[in-house]
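Asks: Structure incoming, see below.
Every read-out reported here was derived from the displayed coordinates using simple, explicitly stated rules and does not represent laboratory data. Since the structure is predicted, the reported quantities are computational estimates derived from the model, not experimental observations. So basically every Cβ, Gly included, is an ideal-geometry build from the backbone, and we count neighbours across all protein chains shown.
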Amino acid sequence: MYRISALLALTAILATSSVPALAQPGISAALLDSYRNTARQEEPGFRDFSAQRGETFFHAKNGDMSCASCHTDSPKGAGKHAKTGKVIEALAPVANAQRLTDPAKVEKWFKRNCKDVLQRACTAREKGDFVTWLISVK
C-alpha cells in the first residue's frame, strides 16, 4: 500500500510540476511539424527527417567552418564562439533544457549561424534533420 501511495504522490508531483525537459517533446514536435510542412513544399520527394543526416550536417565543413567549430564535437558540451570567444551553452536538450523551447529563438540562431557557416539560409530539411539529431542525443 505504501509503495502505491508513494508512486501516486510522485506521479502527481511530476504531472503538476513545470519541468522543461518534460515539456520539450511537445515543443520540439511542433517545431519539427513546421519544418516538415515547409520541407514538403521545398522538396516534392521529401519523406522525413534523419538524425544521421543531422549529425553529418553538424560536422560538415564549409571551408574552415562547421557547426562544431564553435559548438565542439559534442552537442552536450559548452562551446566557444570562434571570433568573440563568448561561451555557448550546450546544444542538446539533454544537456540544456532551454534548447528548442522557443521557436523564435531557434529560427533566429538558424538564420544567423547558417549564414555564418554556409553563407546561405538553411533549408527546412536541414533544420529538421539537425533538430531531430539534437533530440536523439542522450
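Asks: If we count other beta carbons within 10 Å of each Cβ, what is the order of Ile88, Ile135, fewest first?
Replies: If I rank by nearby Cβ atoms, fewest first, I get Ile88, Ile135.
Asks: Say the dipole of the range 23-136 comes from +1 at the beta carbon of Lys and Arg and -1 at that of Asp and Glu; which of Pro93, Asn113, Thr123 then lies farthest toward its positive end?
Replies: Farthest along the dipole direction, towards plus: Asn113.
Asks: What's the tally of Lys pairs in the range 23-136 whose alpha-carbon atoms lie under 20 angstrom apart, where the two lysines are 8 or more places apart or on different chains?
Replies: The number of close lysine pairs in the range 23-136 is 25.
Asks: Using the count of nearby Cβ atoms within 10 Å as a rough guide to exposure, how do Phe57, Phe110, Phe49 rank from fewest to most?
Replies: Phe110, Phe57, Phe49
Asks: Evaluate the relative contact order of the range 23-136 (contact order divided by residue number), counting alpha-carbon pairs under 8 angstrom at least 6 apart; express in whole percent.
Replies: 37 percent
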